[in-house]
1. Per residue of the chain, what 222 nm ellipticity follows from adding -39500 (n - 2.57) for every DSSP H run with n ≥ 4, rounded to the nearest 500?
2. As I understand it, the dipole of the range 21-115 uses +1 on the Cβ of Lys and Arg and -1 on the Cβ of Asp and Glu, about the Cα centre. Which of Q60, G39, L49 lies farthest toward its positive end?
3. Give the accessible surface of the range 202-276 per residue, rounded to a whole number of Å², with probe radius 1.4 Å and ligands, DNA and RNA excluded.
4. How much net charge surrounds R147 when only the other residues with a Cβ under 12 Å from the Cβ of R147 are counted, with Lys and Arg +1 and Asp and Glu -1?
5. Distance from the Cα centre of the range 189-249 to that of the range 306-335, in angstrom?
6. Quick one: Debye curve from the C-alpha atoms of the range 1-126, no solvent, what's log10 I(q)/I(0) at q = 0.15, 0.16, 0.19, 0.22 Å⁻¹?
7. With angles folded into 0 to 90 degrees, how steeply does helix 398-408 sit against the dominant principal axis of the chain? Use alpha carbons for both and round to 10.
8. I'd like the orientation of helix 287-302 relative to the chain: the angle between its Cα long axis and the longest Cα principal axis, in ° from 0 to 90, rounded to 10.
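The values are calculated or read from the model by the stated rules, or taken from the named source; none is laboratory data. In this text, all values refer to a predicted model and were calculated from it rather than measured experimentally. Virtual Cβ from ideal backbone geometry, glycine too; neighbours counted across all protein chains shown. With ligands, DNA and RNA removed, areas are computed over all heavy atoms of the protein, side chains included. Shrake-Rupley method; radii C 1.70, N 1.55, O 1.52, S 1.80 Å.
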Amino acid sequence: MFWLVPRALVPMLLVGLGALLGAWLGRVWGWPVVGSVLGGMAGSAAWTLVDTLRAGRLMQWLSSSLSTASPALVGLWGEAGLRMERALRSREREIQREQERLTQFLSAIEASPNGVLLLDVNDQILWTNRVAADQLGLHPQRDLQQRVTNLVRAPAFVAALHEREASMTPVQIPGLGGRGLISVLLRPYGEGQRLMLTQDVTERERADAMRRDFVANVSHEIRTPLTVLAGFVETMAGLPLSDEERRRVLTLMGQQTQRMQALVGDLLTLARLEGSPKPAVESWWRLDRVGRQVESDARALSGGRHQLSFDWGVDLEVAGNEGELLSAVANLVNNAVRYTPEQGRVTVSTQQREDGGLDIAVLDTGPGIAAEHVPRLTERFYRVDSSRSRDTGGTGLGLSIVKHVAQRHGGELRISSEVGQGSNFTISLPAIRVRQCELQAQIH
Ligand code: ADP
């Protein structure tokens, strides 16, 4: 501050010099005192003018956008301008840093797979990320400052919002257009503000529902043969049976036991398929070798009641899990034989597609399947005719296993059928899993 003192003396000096000059000139005119007063006033006026001009330039700069440097002024105004500019720039840098931090923070929340929405104390929307906006059908900018209950009207949500107590239990509301399910959790923050976290739980709920259905179905499938078995056990324990009757009851008991065994076997197969990695593309095996086994099983099952024909192609090799593909093809052939009436025809044909992939088709001249059932056939326990399925030892899981196996090998199961005309179940494998062994032999 002390260095400012000499500068503060400048106006005094100017007034003093003016007075001296005035006194000197006054002496010439004969009024030295009047001259010195007038000289002093002139000096003071000159200083005030210079000072006001400087202050004016500083004020002009202050009223501008402040993007330029402060005006280069000597004296106090110049110093004041410089200090103001320095303080201003440092504040600007701080704001810039804050802004960057905020932008980073918001982009991180924006990148979140869950929805985030901020509500003020009046439940008006302060900010929302894109996910929350999409899930709740809001516009991320236009709907800011809107009361959230005007836009999200699901009663469960409105009730949760009015209940000011913080809860860790999310509410579930229907998704946009009534489709899907959105879970919404409200958490308090700041002073009366609230954070709304949203999550699309449609898939999770569907999976849960499927799991519940599956457990219910399995329990039902197991309970039926168990009830029958329990009845037979009671009969055998309580009633005196002839040898013939005993044999009949034991045969029926054996059938029920087999039914449970088949069911448990298929359930284990499904669990294995779901829990294991995809079959390797390197393990090759001959298709006709698998074919021979399928053929002999089919002939045994048919017992000569059907016309069966098999074509496994020429020297074809398939890469993947031999056991899985054997069980998939066997399942299709087994179904064809079971559902096709006596004297019907079951044909297995193999055709290499133009893209190098392989189609293994199982055709039958059985009853066919109505179009509305076809898309659901691969659902677990879905049966068109439950009694026919059970009577012939079906578990209702065969086609889901086939579909799983085909997909695990990068292929698919295609079904086409017409009532009264028969059915065509085709396993399509991709080119990468098919080769001709002769060709391979030539290459090596
Ligand atoms: P299931 O053990 O009951 O045969 P699948 O999953 O193998 O179970 O088949 C599901 C349903 O598809 C069967 O219950 C049956 O109604 C129908 N289905 C399967 N294959 C045929 C076929 N070749 N002809 C007619 N219906 C079939």
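1. Values: 13 runs with 240 residues, N = 444.
The per-residue figure over the chain is -18500 deg cm²/dmol.
2. Positive-most Cα among the choices belongs to G39.
3. On the way: 5230 Å² over 75 residues.
Value for the range 202-276: 70 Å² per residue.
4. Around R147, the surrounding residues sum to -2.
5. 33
6. -0.86, -0.91, -1.03, -1.16
7. 50
8. 50
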